[in-house]
Amino acid sequence: MSAQKLNRAPLIEAIVEIRWKARPQGDPNYNLVIGKLSESFGDYPEYQPLNADVPVQLAAQMHMVQHQFRAAPNGWPLIQVGPSIFTLNQTEAYDWEGDFRQRAIAAVETFFKAYPKSDALDIESTLLRYIDAIDLDWEKENLLEFLDKKLKAKVTLPSSLFTDTGVGPSPVALDFTSSFRCTEPRGLVHLRFASGQSRGKKSLIMETMVQSTEADVPQMPQGFAGWLEAAHGIPSTWFRLLTEGDLFRSFQSG
């Protein structure tokens, strides 16, 4: 998502996610930290348990969230915590400069301060993820042509596949993902295009993710702010370059 404020931004959700490795014998600090977080997350007073019927060890192995803290009833942003996962989620009200960057940094710092012996957490990955939905009736328009003309992303198949085979050249569904190594921050950039629905409309879903794993994970929590700043630069630039032209201007109008 571009840092520029857009009147008709296609953003569905922005997510910061931290995962750590599940401990074979369980984490004795997990239940304690939930109570401490309820006191520490003053900006997220609305608490709701999730997946309470799932055993903690299974939830840890699945990186499943079990606790949710919202800024307002059924509102956004929200924080989610599980025995091996922490997320900050924001939707249409996302504003990188005015809110999200500092909110993410503060939330991560609060979490690590509240978690007993947080230095013992074996951080598995840090992730910044943007999900955008671009209105597109993919039953009437050619998904591959739209990618080529509007997003400068050419996905092609041999024309011979559709010559005298009884198969139409316009796909009725799409799910295309590619991953690339990056050096700042160290890790991977994932780009995904998929057909889907958003707000009751057929859409092209575009996901841009920056992920650092294992040795590429920054020192936490002190290295998180620098990692987040570097990670944000990639999807911000990619969004602008991919949508440059008529599509980008359509997000500015209104």
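Any residue in the range 94-117 that's buried (at least 17 other Cβ atoms within 10 Å of the Cβ): show its pairings with residues that are of a type in the set (Lys, Arg) and assigned to a helix (DSSP H, G or I) at Cβ separation under 7 Å, as long as the two are six or more apart or on different chains.
From residues that are buried (at least 17 other Cβ atoms within 10 Å of the Cβ), the pairs are ALA114/LYS36.
Could you pull out the residue among VAL210, VAL155, VAL189 that is touching a residue at least 60 places away in the same chain (Cβ under 8 Å) and touching a strand residue (DSSP E or B) at 6+ places or on another chain (Cβ under 8 Å)?
VAL210
Residues in the range 210-229: is at least one assigned to a strand (DSSP E or B), among the small types (Gly, Ala, Ser) and over 15 Å from the mean Cα position of the chain (by Cα)?
no
Being under 21 Å from ARG240 (Cβ atoms), surrounded by 11 or more Cβ atoms within 10 Å (Cβ to Cβ), hydrophobic (A, V, I, L, M, F, W, C) and modelled with pLDDT of 95 or more is the requirement here; does LEU174 meet it?
No; evaluated as a whole, the condition is false for this residue.
Any idea which of ALA120, ALA107 is out of contact with any Ser or Thr (no Cβ under 7 Å at 6 or more places or on another chain) and within 18 Å of GLN68 (Cβ to Cβ)?
None of the others qualify; the one that does is ALA107.
Consider SER195 against the criteria (1) part of a loop (DSSP other than H, G, I, E, B); (2) surrounded by 12 or more Cβ atoms within 10 Å (Cβ to Cβ); (3) polar (S, T, N, Q): it satisfies all of them except one. Which criterion is unmet?
Every condition holds for SER195 apart from (1).
Being modelled with pLDDT of 95 or more and basic (Lys, Arg): is that true of ARG249 here?
no
Taking ASP164 and the conditions (1) among the charged types (D, E, K, R); (2) farther than 25 Å from ILE12 by Cα; (3) touching a helix residue (DSSP H, G or I) at 6+ places or on another chain (Cβ under 7 Å), which numbered condition does it fall short on, given that it satisfies the others?
ASP164 satisfies every listed condition except (3).
Residues of the range 47-98 being closer than 15 Å to LEU37 by Cα and β-branched (Val, Ile, Thr), which ones?
Residues satisfying the conditions are VAL65, ILE79, VAL81, ILE85, THR87.
The values are calculated or read from the model by the stated rules, or taken from the named source; none is laboratory data. Every value quoted in this text rests on a predicted model; they were computed, and no experiment measured them. Cβ atoms come from the backbone with ideal geometry, glycine included; neighbour counts cover every protein chain shown.
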